[in-house]
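Trainee: Handing you a structure now.
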Amino acid sequence: MRYAMTMDTRKCVGCSDCVVACQTENNVPLGYCRDWIVEHTAGTYPHLDMELRSERCNQCDNTPCVRTCPTGASHVIEGGIVKVTPEECIGCGACIQACPYDARYFHPDGYVDKCTFCDHRVKKGQTTACVAVCPTKCLTFGDLDDPNSDVSKLLRDRKWKVLAPEAGTKPHVFFLT
Amino acid sequence: MKTRREFIKISAVAAGGIAVLKPALSWSPDFLKKDIEPLDESKAKRYPTFCEVCFWKCAGFTYLNKDGEIQKIIGNDKDPHCNGRFCPRGTGGVGMYYDNDRLKFPQKRVVDGDGTHKFVQISWEEALDTIADNMKDIADKYGPESMALLYHASSGSYFKHLMQAYGSKNIAKPSYAQCLGPREAGFVATYGMGVSSPEPTDIKNTECLVLIGNHVGENMHNGYVQEVADAIERNASIITVDPRFSTIASKSKFWLPIKPATDLALLLSWIHVLIYEELYDKKYVEQYAFGFDELKAHVKNFTPEWAYTKTDIDPKDIRDSAYEMAKASPAVIVHPGRHTTWYGDDTQRTRAIAILNALLGSFGKKGGWYFAEKKSVPHFPSPEYPHPKWTWKDITKKTYKGAGTGISNDLIKASLPENKNEHKVKGWIVVGTNLMTTIPDVETTKRAIENLDFIAVVDTMPMEITGYADILLPECTYLERYDDIRSSQHRIPNIALRMPAANPRWESKPGWWMAKEIANRLGLGDYFAYDSVEEELDWKFKQMGTSLEEMQKIGVKQFDKETDLYLADGEEHYFNTDTGKIELYSLDLEAKGYDPMPKFIEHKQPDSGFYRLIYGRAPMHTFGRTINNPNLTDLMDENKIWVNPKVAKIWGVEAEQEIWLKNQDGKISTFPIKVRITERIRHDSVYMIHGFGNTEKGLSRGYGRGASDSEMITNVKIDPIMGGTGMRENFVTFLLENPHLEENKIENKEAES
C-alpha cells in the first residue's frame, strides 16, 4: 500500500473548493489551511502561459519533517501518510522549517498541523475530501502499489512532474502537465 | 523565525509570476474547533437543500455534527446541476449560517427630533402590520400597481405571488436587465426561444467551444465548469476571446486577445468567412434558416482584414479559428455568455452569436445545443389574480419593445420625482438583492428611493440597500428554511427540495412566512390557503407524482424526458418565429424598428491615462453576496486591480500599493484598492472582481475591503431593444494619494480649475 495523489494542471481552474472542503471536513480553523492554490504565469502579453496547482503535503518517502521532529510527534503511518500526533507535539516548528513545500502550519491550539490525506476517510474506503469535492475532477487519489488504480494509470499515461525534486524528498503528489 | 507568510513572500520574489492563494490569517470562529473528530457522514443526520449562494442552485445535503450543529454541505449525486460536487461557494455556504453579522430582528426607521435617522428593533407584529398598512395606503392613493417588487432570492416566488394577489405585476429581477437579458432577447429574435438557465449547451459532447468574454472557471457555474473540464480532458478545442488572459484562455487552443468593445466586428467577420469560404452547414441552413441571402450580402465587406483594423486580432487567427469551428460542426458551441450587458448593442452582439450557431448547424444537434426539458410545478389552489390597470409593460414596452420581463432600472426610473406620466411607482419591496451595487448609476437609485412613500427590504445580511429601508425584515438563510420547489431545465427534467437543517437563528424568519403573513393582513389570506409551507409543498409534490416525505429523503427527483434531446437528420422543426424558421434576418426586430441584422458600431476607447474598467467574477464569490461569509472571505477577502506591467511602470506603482480610482465623470472610489501587476491584462484595460468595496459598516469582514466596480459605473449604455444596462463603457484613471483627505481635496480642485 502506497497512497499518492495526482493533480491535473490542465483541468484545475484554481477555484479553491479543495481548500474550503478540507477546512470543513477536518475542522481546520479559518485563517489556516492544509491545502492551497498556486498560480504561475510566464511570458509577456499576449504570449502567455499559466499553470494552476492545488498543493498540499507531498507525503514524501524521504521525510525531512519526521527526521527533524525531536519528540516523534511527526511520524509515518501505513500507506506512507505523514501525520502529527498533537499530544506529542511541542510546537517547536523544526518540521515547518524543514519542509520544502511549506505544507505545515501552527494550529492555534498549540501544535503543528498538516494534510493527512484524510486518512480517517480513506480507512473507511472513501476518498479524500478535496478529491471528493473537486468540480473539475483534477484531483485523483489512490494506491500506487496497485497497477490498476487510477493514480497508477494516470502516471503511466500522462506526463507529470513533482515539486522541488532537487530536495530529494521523493514526494507522492504528482502534477500532470 | 521563518514564518509561513514570509515564505510566501520569498517564493513570490524568487519565481516572479507566482501568486499564492492562501487564506489570510484573520479570524477563527469557534464552530470549526468544536469537533476534533471529523464527521462520519454515514452516521450523520442530513437534510436536503439546494444552494442559494448563487443562481445555479445545486442540490445537496446539509450534514449535522454530533452536537446537532451544521457542519458541512455536500452535493447530491442525482443532481445534474452539480453531479454530487459542490463548488467552493456551495461548500462554504455554511458560513452564511454562522455569520454573526446577520440581520437578527425586524427593524424600523425612526427619525429623531434633530433629523437623524436610525433603526429601532420592533416586533414581527409591528413590522408586518406596518408593511400591510403602507401597501393599503399606496393602493388607496395610487392603485396597487404603484407597488413594485425587486427580487433575486429564491423566496421571491412567494412575494411574487403576494404582489399579484394584491394587484401589481410590477415585478423585476436585476438578473434580466443587468445580466442575461440581451442574450435572451437575441435568441428569441433568432430561434423564437430564449437560452434560459442552466444553458442547454451540450458541452459534454462538443468538439469545439467558443467563448466570447466568458470566463468559465472564474465564474463557477458548477455543471458548466464540470463539462468544460471534461472537454479539456477529451482534447476538445476551446477558442476564447478576451482582452484578459483568463483562466480558460490559458487552457484554450486559441486565445484571441481582443481590443475591448469590438467583439461584434470579430463575430461578423467569422460569419463572413463561414459564408464566403462556403464552410457553413448548407443543408441545415437551407432547411431551417430564413434570410440567408440578405445575411450574405450584409457581411460581404466584413473580411478578417477589415476586422483586424477594429479588433487587433491577426486575420490569420480569425480565419484559423473559423476553420476550427467549421471542422467541428455541428458539434460546436458558440456560447451565448451570461453577463451580457456590456456596450448597449448587446442584443445585436448575441444575435450574431445566435446566427453563427445556426450557420454551424449546431442548434438542436449533439455537441451543439440540446433541447432541454423542465417539469412544470403546479400552483397551490388559490383565487384568480386581480387584473391590474397597468403593468411594467406599459412603462417599458413603449421604448424597449424586445424586453421579455420587467426591467428593474425602468421600475426604478418610474419612481423618480421627474416622472410625470401616469405610471408612477411609489412603493418597493426588495427581496434579497443589493440594488446599490447591482443597478448601475447608484445616484439615480438613491433619488428614486428618496421619492418613495414606502420601502421594505428583506435580506439575510446588512447590505447597502438595507440601510434605505423603512421596514427591514431579517430572513433566515437557506439552511434554515423551506423554499419553493426548484424545477429547472436540463437534459433530464428534475426537481429539488430545500428544507431547513436548523432552526432560524435569532428572530429571523423564512420569506414564505412573511409573504403569507402580509397577505393575511391585506385580507388576501385565500391566496395562501395552507397552514404551513409543508402542506403547500406536499400538495405540489403529490401532483407531480412524489411527496414531501419522499423528497425529504432523496432531495432530487428525475423524470423521464418526453421530447428528443436533438433533431434527427432532416427532421422537420417549427421555430417560434414569424417565419417558423431560424431568422438570420429578423422580421420581428425589423417590424419593431430595429436592425434586422447586427451592425458593427464603433464604441468609445479610453482617453490617454484612462483604462477601460473590466469587471468579473472570482470562483469563491457570488456578486457582493458572499463578501462577509467567513469561509469565503477566508479564501479571498478583497479585490485587487489588475494592471499591465507597462502601465504600472508609467505610473510608478508597485504591487500591493493602494491606489484610488477616478472615472471619466470624475467619480472617485470611496475606498482604495491594491494593485496587482500582471501580464494577464491588456495595456488599455484594468480588471477587478465585482462585489467588493462595500460601504455597509455592519459587515465586519466586508466593509471597506477592496473597491467597488459598481461605484465607477456612471456611464450606462442602454440596449435599445430590451432595456439592458451596458456597463463596460467606463474608464478609470489612478489617484496615488488619498483624495478623501482634506489637503488632497483642495489640490484636486486646483488641478481641475
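The values are calculated or read from the model by the stated rules, or taken from the named source; none is laboratory data. Predicted model only: the values in this text are computed from it and were never measured. Every residue, glycine as well, gets a Cβ built from its backbone with ideal geometry; the counts of neighbours run over all protein chains shown. Just so you know, the surface numbers come from the protein's heavy atoms only, side chains and all, with ligands and any DNA or RNA stripped out. Shrake-Rupley method; radii C 1.70, N 1.55, O 1.52, S 1.80 Å.
Trainee: Can you tell which of B:Thr460, B:Thr437 is open to solvent by 20 Å² or more (accessible area, probe 1.4 Å), at pLDDT 95 or above, polar (S, T, N, Q) and within 30 Å of B:Lys108 (Cα to Cα)?
Mentor: Of B:Thr460, B:Thr437, the one residue that is open to solvent by 20 Å² or more (accessible area, probe 1.4 Å), at pLDDT 95 or above, polar (S, T, N, Q) and within 30 Å of B:Lys108 (Cα to Cα) is B:Thr460.
Trainee: I need the full set of residues from region A:25-43 which are touching a residue at least 60 places away in the same chain (Cβ under 8 Å) and β-branched (Val, Ile, Thr), in order please.
Mentor: Residue satisfying the conditions is A:Val28 alone.
Trainee: Considering each of B:Lys561, B:Lys540 in turn, give the residue that is in contact (Cβ under 8 Å) with a residue 24 or more places away in the chain and either under 30 Å from B:Thr444 (Cα atoms) or buried (at least 18 other Cβ atoms within 10 Å of the Cβ) (or both).
Mentor: Every option except B:Lys540 fails the conditions.
Trainee: Out of everything in region B:670-692 that is open to solvent by 10 Å² or more (accessible area, probe 1.4 Å), in contact with a Lys or Arg (Cβ under 9 Å, 6 or more places away or on another chain) and more than 14 Å from chain A (Cβ to nearest Cβ), what residue ends up being farthest from B:Pro243 (Cα to Cα)?
Mentor: B:Phe671
Trainee: Under the condition of being part of a loop (DSSP other than H, G, I, E, B) and within 13 Å of another protein chain (Cβ to nearest Cβ), which residue from region B:629-654 is farthest from B:Trp56 (Cα to Cα)?
Mentor: Per the stated criteria, the residue is B:Asn644.
Trainee: In addition: Restricting to region B:226-261, give me the number of residues that are over 15 Å from B:His335 (Cα atoms) and under 23 Å from the mean Cα position of the chain (by Cα).
Mentor: Residues meeting the conditions: 9.
Trainee: For region B:409-442, enumerate the residues that are within 20 Å of B:Asn134 (Cβ to Cβ) and assigned to a helix (DSSP H, G or I).
Mentor: Residues satisfying the conditions are B:Leu411, B:Ile412, B:Leu435.
Trainee: Given the options B:Asp483, B:Asp470, B:Asp569, name the one that is surrounded by fewer than 16 Cβ atoms within 10 Å (Cβ to Cβ) and of a type in the set (D, E, K, R).
Mentor: Going through B:Asp483, B:Asp470, B:Asp569 in turn, just one is surrounded by fewer than 16 Cβ atoms within 10 Å (Cβ to Cβ) and of a type in the set (D, E, K, R): B:Asp569.
Trainee: List the strands (runs of 3 or more DSSP E) inside region B:34-79, counting only whole elements, that have at least 3 residues being within 11 Å of chain A (Cβ to nearest Cβ).
Mentor: B:70-75
Residues are listed down the side, and each one gets a yes or a no for (1) away from chain A (no Cβ under 14 Å); (2) crowded, with 24+ Cβ neighbours inside 10 Å; (3) without any contact (Cβ under 8 Å) to a residue 40 or more places away in the chain:
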| position | (1), (2), (3) |
| --- | --- |
| B:Gly115 | yes, no, yes |
| B:Gln121 | yes, no, yes |
| B:Gly143 | yes, no, no |
| B:Ala185 | yes, yes, no |
| B:Ile212 | yes, yes, no |
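Trainee: Tell me, please, whether a residue that is of a type in the set (A, V, I, L, M) and surrounded by 23 or more Cβ atoms within 10 Å (Cβ to Cβ) can be found in region B:60-72.
Mentor: Taking every residue of region B:60-72 in turn, none turns out to be of a type in the set (A, V, I, L, M) and surrounded by 23 or more Cβ atoms within 10 Å (Cβ to Cβ).
Trainee: So which pairs qualify, if the first residue must be in region B:189-200 and open to solvent by 20 Å² or more (accessible area, probe 1.4 Å), the second must be of a type in the set (Val, Ile, Thr), the Cβ gap must be under 9 Å, and the two must be at least 6 apart or on different chains?
Mentor: Sorted first by the residue in region B:189-200, then by its partner, the pairs are B:Gly194/B:Val188.
Trainee: Inside region A:155-169, can you point out the residues that are assigned to a loop (DSSP other than H, G, I, E, B) and open to solvent by 20 Å² or more (accessible area, probe 1.4 Å)?
Mentor: Answer for region A:155-169, where residues must be assigned to a loop (DSSP other than H, G, I, E, B) and open to solvent by 20 Å² or more (accessible area, probe 1.4 Å): A:Arg158, A:Lys159, A:Val162, A:Leu163, A:Ala164, A:Gly168.
Trainee: For A:Ser152, work out the one condition from (1) more than 13 Å from chain B (Cβ to nearest Cβ); (2) among the hydroxyl-bearing types (Ser, Thr, Tyr); (3) assigned to a loop (DSSP other than H, G, I, E, B) it doesn't fulfil.
Mentor: Of the numbered conditions (1) more than 13 Å from chain B (Cβ to nearest Cβ); (2) among the hydroxyl-bearing types (Ser, Thr, Tyr); (3) assigned to a loop (DSSP other than H, G, I, E, B), the odd one out for A:Ser152 is (3).
Trainee: Which residues, taken from region A:99-121, are of a type outside the set (Phe, Trp, Tyr) and either at the interface with another protein chain (Cβ under 7 Å from one of its Cβ atoms) or surrounded by fewer than 18 Cβ atoms within 10 Å (Cβ to Cβ) (or both)?
Mentor: Matches in region A:99-121: A:Pro100, A:Asp102, A:Pro108, A:Asp109, A:Gly110, A:Asp119, A:His120.
Trainee: Given the criterion on the phi > 0 side of the Ramachandran plot, within 14 Å of another protein chain (Cβ to nearest Cβ) and of a type in the set (Ser, Thr, Tyr), identify the matching residue among A:Ser54, A:Ser16.
Mentor: A:Ser16
Trainee: When the residues of region A:6-58 are filtered to those that are among the small types (Gly, Ala, Ser) and part of a loop (DSSP other than H, G, I, E, B), which remaining residue is farthest from B:Asn644 (Cα to Cα)?
Mentor: A:Gly31
Trainee: Does B:Ala189 count as within 30 Å of B:Pro257 (Cα to Cα), modelled with pLDDT of 95 or more and in contact with a Leu (Cβ under 7 Å, 6 or more places away or on another chain)?
Mentor: yes
Trainee: Follow-up question, since we're still on this one. Test each condition in (1) in contact (Cβ under 8 Å) with a residue 40 or more places away in the chain; (2) among the hydrophobic types (A, V, I, L, M, F, W, C); (3) facing chain B (nearest Cβ under 8 Å); (4) open to solvent by less than 10 Å² (accessible area, probe 1.4 Å) for A:Met7 and report the one that comes out false.
Mentor: (3)
Trainee: In region B:85-102, how many residues are more than 8 Å from chain A (Cβ to nearest Cβ) and open to solvent by 10 Å² or more (accessible area, probe 1.4 Å)?
Mentor: Qualifying residue count for the region: 5.
Trainee: Mind checking which residues of region B:219-277 are among the β-branched types (Val, Ile, Thr), surrounded by 24 or more Cβ atoms within 10 Å (Cβ to Cβ) and more than 14 Å from chain A (Cβ to nearest Cβ)?
Mentor: B:Ile239, B:Ile271, B:Val273
Trainee: For region B:696-734, which positions are open to solvent by 30 Å² or more (accessible area, probe 1.4 Å) and either farther than 16 Å from B:Asn434 by Cβ or touching a Lys or Arg at 6+ places or on another chain (Cβ under 6 Å) (or both)?
Mentor: B:Ser700, B:Tyr703, B:Thr714, B:Asn715, B:Val716, B:Lys717, B:Ile718, B:Pro720
Trainee: Moving to a separate point now. Could you grab the pairs with beta carbons closer than 9 Å, sequence gap of 6+ or different chains, first residue in region B:283-300 and under 15 Å from B:Ala352 (Cβ atoms), second one open to solvent by 10 Å² or more (accessible area, probe 1.4 Å) and among the basic types (Lys, Arg)?
Mentor: Pairs found: B:Ala289/B:Lys581; B:Gly291/B:Lys581; B:His298/B:Lys599.
Trainee: Of (1) among the hydroxyl-bearing types (Ser, Thr, Tyr); (2) farther than 22 Å from A:Arg121 by Cβ; (3) more than 14 Å from chain B (Cβ to nearest Cβ), A:Ser74 satisfies all except one. Which?
Mentor: (2)
Trainee: When you check B:Gly402 against the structure, is it surrounded by 24 or more Cβ atoms within 10 Å (Cβ to Cβ), in contact (Cβ under 8 Å) with a residue 40 or more places away in the chain, in a loop (DSSP other than H, G, I, E, B) and out of contact with any Ser or Thr (no Cβ under 6 Å at 6 or more places or on another chain), yes or no?
Mentor: Taking the combined requirement at face value, the residue satisfies it.
Trainee: For region A:135-150: of the residues being among the hydrophobic types (A, V, I, L, M, F, W, C) and within 14 Å of the chain's Cα centre (by Cα), which is most open to solvent (accessible area, probe 1.4 Å)?
Mentor: A:Phe141
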